[in-house]
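One structure is given here, and the rest of the page talks about it.
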Amino acid sequence: MLGSLTLAASYTIWLVIGTPVAFTLFMLLYLATRYKRCPSNRILVVYGKTGGARTAHCIHGGGALVWPIVQDYMYLSLEPMTIEIDLTSALSKKNIRVNVPSTFTIAVSTQGEIMTNAAERLLGLPEREVAATARDVILGQMRLVIATLTIEQINQDRETFLDLVNKYCGAELNKVGLEVINVNIRDITDESGYIEAIGKKAAAEAINQAKIEVAEATKTGAIGEAGANREMQVRVAEQQAQSDIGRKSAERDQRIQVAKLEAEGVTGEAAAAREREVAVAEQGARTAEGRKAAEAEQRIKVAQFEAGAVQGENESKASIADYEATLAERQADARRRGDVALANASRDVLQAEKEEELARLEKEVIAKQQIARKQVEIDAEAEAEKQRRIAKGEADAILFKYQAEAEGVRAVLEAKASGYENLLKICGERKDLAPTLLMVEKMPELVREQVKAIQNLKIDKITVWDSGNGLGGDGSSTSNFLRSLIGSLPPMHELAEQAGVDLPGVLGKVADGAKKAQSASKPNPPAN
């Protein structure tokens, strides 16, 4: 019993102590499995709940703890990608289409904002799709750069060209998280052969310049050699002349000394002296003759050497002139070939520009004219349809108007007929009262028409000369004038009588004398 209690106590102690330790070890092992390390050739992208406004947390080197459920991770490779760009028919600044094949080496950037762009736009994409996206960006920027440069700048100033390509392509690739590592531009060609013509021209100019320099060196060498030979001959002649002068001077001194010794030694022997003098004279003559002959031979040799030097110089000059003429002919021929090649290239360029201009004209002008013509036809048809509908609507409106007017007139006539019928019923046996009542109804209109008869008379001023003595019959001449003016209006009672209507008694009666006067004042009708 005691052993069982001891065992239970020991188990309880181990349970109390071991449970926190085991839990701690479990948590440490779990956290170790959730800690992700980033290799040097990759970027660790932690996405999900990263805190702040960031869409992802990018780590290059080191590691990060990825929390379960709220976070996850992926890797972006930093391995370089090689993209072959086969750019063809790119339009340069002088409207010459060039082919610029190149090789771009790109990779995901490790800079902070650019890494975030790569995580947002390239995460999870295969390398083939990333390369396709970069190729589209590079092609567009390459065409933009080439459009700002001439053929000479593209072909000769490669450093500036590559700087512009790196600048524009790098800026656009950074937007998707990539950067340019290296750009290799291969052989640049054009469809019209302009670059080849420029190369041939430069080669011809270099060859001609080399030939000119060789000819100049040869000429300088020949001139120097001829000058050295002439200088040598002059120096040799001078040394020979000095030698002869010294020799002659020594001989003269010798003869003088000998003559003095002989004169002192043989003064006693005249014959011997005379013979000796004769002999000395003969030897002197022979010596002078030999000296003169040596001097003549020397002058002949010197003249021959000078003539040979002059002949050599002339031959060298003739050779140089001949070589210069040949060189000028070759230069002219090379220049002619270069001009012909350049003219052919210009002709091809102009032909291409002509075809391009015709295509542009066909696209921009003819197509627009056809569209405008079609538009005019459509507008004309629409306008005609509109006019037809408007005319139909107006005709329907007129028809409805006339129908409405007819209905109104019919309704008025029916109302009048009904009114006349009721009027006759009211009059009963006195049917003659009906016209009288109608005449009374129209009386205001008749009066209105009588007033209209004189309202348009334009009387500026009326001057009446009246003495006031009443000699004009009834009343004065002024009253007679007014009476005759009023009398010119159609009498109301006469109109009623002509219509067969008896006016009411309230309107008065016309006396018989007045009737006779009115009838007498009327003009007689013309006889039939």
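Only the coordinates and a few stated rules stand behind these numbers; no lab work does. What you are looking at is a predicted structure, and each value in this text was computed from that prediction instead of being measured. For neighbour counting, all protein chains shown are included, and Cβ atoms are generated from backbone atoms with ideal geometry for every residue, glycine included.
By the beta-carbon count within 10 Å of each Cβ, the least crowded to most crowded order of 249, 319, 109, fewest first, is 249, 319, 109. May I ask which residue of 271, 293, 309 lies farthest towards the positive end of the charge dipole of region 200-327, with charges of +1 (Lys, Arg) and -1 (Asp, Glu) on Cβ and the Cα centre as origin? Projecting each Cα onto the dipole axis, the largest value belongs to 309. Projecting the Cα atoms of 343, 372, 359 onto the charge dipole of region 273-378, computed from C-beta unit charges around the Cα centre, puts 372 farthest toward the positive end. Under the simplified labelling scheme, the residue 304-residue 329 pair shows an inter-label distance of 3.8 nm, with each label point 7 Å from Cα along Cα→Cβ. From least to most packed, judged by other beta carbons within 10 angstrom and beginning with the fewest, 92, 77, 418 follow the order 418, 77, 92. Length available on full extension from residue 392 to residue 213: 0.36 nm per residue minus the Cα-Cα distance, which gives 54.7 nm. Charge dipole (Cα centre; +1 on Lys/Arg Cβ, -1 on Asp/Glu Cβ; no other charges) of region 198-378 amounts to roughly 600 debye.
Just how large is the dipole of region 287-376 about the Cα centre, in debye to the nearest 20, putting +1 at every Lys and Arg Cβ and -1 at every Asp and Glu Cβ? Write out the running numbers ahead of the final one.
On the way: 16 positive and 18 negative charges, 121 e Å.
The calculated dipole for region 287-376 is roughly 580 debye.
The calculated pair-distance distribution of region 116-179 uses every alpha carbon pair, bins of 10 angstrom beginning at 0, and gives 21, 44, 23, 11, 1 percent.
Would you please give the FRET efficiency between residue 186 and residue 383, computed as 1/(1 + (r/R0)^6) with r the Cβ-Cβ distance and R0 = 60 Å, to the nearest 0.05?
Working: r = 61 Å, r/R0 = 1.02.
According to the calculation, E is roughly 0.45.
Applied to region 376-391, the Karplus parametrisation 6.51 cos²θ - 1.76 cosθ + 1.60 on θ = phi - 60° returns per-residue 3J(HN,Hα) values of 4, 4, 5, 5, 5, 4, 5, 5, 5, 4, 4, 5, 4, 5, 4, 4 Hz, with x for Gly and Pro.
For residue 186, the residues 5 or more places off, or on other chains, whose built amide H falls under 5 Å of its own are 102, 103.
Using every pair of separate Cα atoms, the Kirkwood estimate puts the hydrodynamic radius of region 307-353 at 13.4 angstrom. Pairs of Cα atoms nearer than 8 Å and 6+ residues apart set the relative contact order; for region 23-134 it is 22 percent.
Could you state, as a whole-number percent, how many of the C-alpha pairs of region 77-191 are farther apart than 21 Å?
35 percent
Neighbour counting of Cβ atoms within 10 Å sorts the residues 427, 169, 38, fewest neighbours leading, into 427, 38, 169.
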